Amino acid sequence: MNDLRDSLLKLMGGKEYQPMDKSELARRLGVQSSERRRFRILLTKLEQEGRVKIGAKRSYKLQERTQMFLVGKLRYQPNGNGWFFPVLTDEVNIETGLDLQKYDRIFVDARDLGVALDGDYVSLKVTRVGVPKWKRFADKGHKSKFDNRGRPIKQKKRPDKEVRDEAAGRVIKVLERKNTTIIGIYREEGRYCFVVPEAKALPPEVDLLDAGGAKPGQLVAVEITKWTSRRESPVGKVIKVIGYPNAPGVDIISVIHKHNLRVDFEPDVQKEADAVSEKIPRKELERREDWRDALVMTVDPGDAKDHDDAVLVEKTETGWKLAVHIADVSHYVTPHSALDKEAELRGNSTYLVDRVLPMLPEKLSNSICSLRPHVDRLTKCAVIEFDLKGTRKHAYFCDAVINSKAKLAYEEAQVFIKGKGGGEIGDAIRTAWSLADVLRKRRFKNGALDLDFPEVKVVLDEKTKKPIEVKNLVYDESHQMIEEFMLSANEAVAVELKMKRRNALHRIHEEPDADRLNEYAEIARIHGFRVGDLTNKKHVQDLLKAAKGSTVEQSIKLGLLKSLKRAAYSIEGLGHYGLAKMDYCHFTSPIRRYADLVVHRALQSVLKNPPTHPVKLPKAKKLEEVAQHISDTERNSGEAESATKRMKMMEFLFDIAQQESKQTFNTLITDVRRMGLFVEITDMQVKGVVKKEALPKGKWVFEQSVMAFRNYNEKKDYKLGQRVNVQIARVDMERQLVDFVLIEDDV
């Protein structure tokens, strides 16, 4: 794709070039018929980026370059700087030669943030493209020139951390305030009252018009009402007194306000939800496919309350038949209703460490729409037939009604998969796994990437909300089974919508930038892996296989993940790189994702038994706005979820550090820098540092070329990938950092 892009731009930039349409360009460049779809997508993307424009008779020519201005979203970083994420929009003319495939985020120094707040849409002027790589190479300090036998060591320059060219920019104007709320500590000096913001990207003080009854030292939420210059303090008013920082629950509430998450539902939304009847009209039942006698069941986490999906797999002479039933939220939530507007605004449910902020009111999310056992529930159903190799041979979609025969926890399903017994439910689960196993193997054979990470859960005391335990979450065959069925349904729906040319939202994961993959390859080589051409997906898979089971498996996976583009929503079906699927959408979780609700509505007119009056689908322009909005809400919720989880994890470690008997943790050295060793408690996914001064007594030499600290006198070293025992030296709750100290009997 990159070669074709370069060839196309070179052709259009030539002096003799005359505007051509798509067909003429394809013929001139020798594009094969099998590549025409990708070529059309490329032209569309170049038009959106502002690189080309369409003239008379749908002919294409290069857009004249002006100053490099972009429109996008600004996000604060913990260190006070920012990242700018470009947004392609029809309303603002983005006439720039910047390669947005490569520079999908742009660095903004704290001094160049202007008066932008976290999450604002801004216009940005690109001031620099590319960061000199020498800035990130090893320091020019002392290096050992001989080994312990006096032999000279060949010195190699290797990056101290991931090397990545970056673009930099300066905020020119705030186009839209997305979140006017900031969090900080209320202070008083005489009659003067102000707030010290948590965010380092803000000025050190926010002047207050109204203190809202806050007391010095309390954490407050402040609405910014005026901020005209970076040289002046913002002005605002306290809209919520959260409480003293150490009071129970204050930490989570501060995250909710910081991320502008919606907690309570407005009266009109709740009123609509309360008016929904659980009784299903007879005419509605009659028009739907009746699956109430079938052995349909749900498999979810043990503590789940919103059951989106239920499944049934039957063995056939030629393979299997899979039925994926998804809660029919679209039957209850109609376009432009108060419920619909609120769901769109939230974008998705948010799962914080101690609570769920649902997209829909509880009466719908946990009751009427939830596929509870032994009660009639309305569903959208995807019925898919597979052959013995796992190839999809046929699919149809319908409105259905079910009466789930069982609500299984993953742990219960796993017992049935691995053993015998369980009656007809156990047999059904084993039949389901026989299909899922084939689908999973086929998916990875087709190029899907194994980027699953082990997860941990911080368990809180129900009353005090203090962390009392850290649990490892198991991802076994029962989880894989449901995942494969959901992936299959999502793909089948996406294919159907594309074939019927219905406007919908696609879940996309674009191909990564070659330069970023090459930079990542250097890091993988430092870890000792033989790396091929990572623009070839087979080589990426080979690297992941080589790392599997090694001490640095998670580091390799995380490094790759950072090199890939972020999955998002789009009105164009650009495929999913990570899943190796040409067509993909989200269909299976309409209780907790607005994208799935949009897809359900798009599917109505192509059902086997469509409703009498299918909803009118929004135009492409509106869908484009929705796609951008819910991509943003998804990211915002993810950041809030991670923040609360890390917050409670730090609290858990802080409590351990205060205990008289010191607890020892076995950790993995994940990186070695001049400042010390970076280690991870892999069982808890907690990272921290052993500073150089905290190493055992002796003369330690930092060896950049082999990523190690060496003590030649003691013939001892600490190197990348080694396991060491540590104890907690200090937990910085404010910065959420952990310092460790080595225990000399390391392993």
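The values are calculated or read from the model by the stated rules, or taken from the named source; none is laboratory data. Bear in mind that the values here come from a model prediction, so they are computed numbers and not experimental data. Cβ placement follows ideal geometry from the backbone for every residue including glycine, while neighbour counts extend to all protein chains displayed. Each accessible area value is taken on the protein alone, full model and side chains, heavy atoms only, with ligands, DNA and RNA left out. Shrake-Rupley method; radii C 1.70, N 1.55, O 1.52, S 1.80 Å.
Summary of values
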item: Candidate set from segment 526-565 (those that are outside any helix (DSSP H, G or I), under 13 Å from Phe453 (Cα atoms) and touching a residue at least 40 places away in the same chain (Cβ under 8 Å)); member that is most open to solvent (accessible area, probe 1.4 Å); result: Lys548
item: Which numbered condition Ala432 misses (of (1) farther than 27 Å from Lys545 by Cα; (2) at pLDDT 95 or above); result: (1)
item: Residue that is farthest from Ala595 (Cα to Cα) [pool: residues in segment 610-650 that are surrounded by 16 or more Cβ atoms within 10 Å (Cβ to Cβ) and of a type in the set (Ser, Thr, Tyr)]; result: Thr644
item: Segment 179-217, subset in contact with a helix residue (DSSP H, G or I) (Cβ under 8 Å, 6 or more places away or on another chain) and of a type outside the set (Val, Ile, Thr), residue surrounded by the fewest Cβ atoms within 10 Å (Cβ to Cβ); result: Lys200
item: Residue match in segment 588-605 (condition: open to solvent by 20 Å² or more (accessible area, probe 1.4 Å) and at pLDDT below 95); result: yes
item: Some residue of segment 56-77 being closer than 30 Å to Pro203 by Cα, modelled with pLDDT of 85 or more, part of a loop (DSSP other than H, G, I, E, B) and not acidic (Asp, Glu); result: yes
item: Filter pass, His374 being open to solvent by 40 Å² or more (accessible area, probe 1.4 Å) and at positive phi; result: yes
item: Test: residue in segment 1-11 that is at pLDDT 80 or above, within 28 Å of the chain's Cα centre (by Cα), not in a loop (DSSP other than H, G, I, E, B) and not small (Gly, Ala, Ser); result: yes
item: Failed condition for Glu734, given (1) over 23 Å from Lys457 (Cα atoms); (2) open to solvent by 70 Å² or more (accessible area, probe 1.4 Å); (3) without any contact (Cβ under 8 Å) to a residue 40 or more places away in the chain; result: (1)
item: Residue match in segment 587-610 (condition: assigned to a loop (DSSP other than H, G, I, E, B), closer than 30 Å to Ser370 by Cβ, of a type outside the set (S, T, N, Q) and touching a Phe, Trp or Tyr at 6+ places or on another chain (Cβ under 8 Å)); result: yes
item: Count of residues meeting criterion [of a type outside the set (A, V, I, L, M) and loosely packed, with under 10 Cβ neighbours inside 10 Å] in segment 275-302; result: 7
item: Single unsatisfied condition, Ser330 versus (1) surrounded by 16 or more Cβ atoms within 10 Å (Cβ to Cβ); (2) in a helix (DSSP H, G or I); (3) out of contact with any strand residue (DSSP E or B) (no Cβ under 8 Å at 6 or more places or on another chain); result: (3)
item: Residue in segment 250-259 that is free of Cβ contacts under 8 Å to residues at least 24 places away in the same chain, in contact with a Gly (Cβ under 8 Å, 6 or more places away or on another chain) and open to solvent by 20 Å² or more (accessible area, probe 1.4 Å) present; result: yes
item: Residues satisfying the stated conditions in segment 213-251, i.e. closer than 27 Å to Phe652 by Cα, outside any strand (DSSP E or B) and hydrophobic (A, V, I, L, M, F, W, C); result: Ala247, Val250
item: Where a residue in segment 472-499 is of a type in the set (Val, Ile, Thr) and its partner, wherever it lies, is at pLDDT 95 or above, with Cβ under 6 Å and at least six apart; result: Ile482/Val299; Val493/Cys585; Val493/Phe587; Val495/Asp583
item: Residues satisfying the stated conditions in segment 414-442, i.e. out of contact with any Ser or Thr (no Cβ under 9 Å at 6 or more places or on another chain), among the basic types (Lys, Arg), surrounded by 15 or more Cβ atoms within 10 Å (Cβ to Cβ) and under 18 Å from Leu579 (Cβ atoms); result: Arg440
item: Residues satisfying the stated conditions in segment 651-663, i.e. open to solvent by 70 Å² or more (accessible area, probe 1.4 Å) and outside any loop (DSSP other than H, G, I, E, B); result: Phe654
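Conditions tested, residue by residue: (1) modelled with pLDDT of 95 or more; (2) within 30 Å of Glu462 (Cβ to Cβ); (3) not small (Gly, Ala, Ser).
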| site | (1), (2), (3) |
| --- | --- |
| Lys305 | no, yes, yes |
| Ser330 | yes, no, no |
| Glu342 | yes, yes, yes |
| Val375 | yes, yes, yes |
| Leu378 | yes, no, yes |
| Leu388 | yes, no, yes |
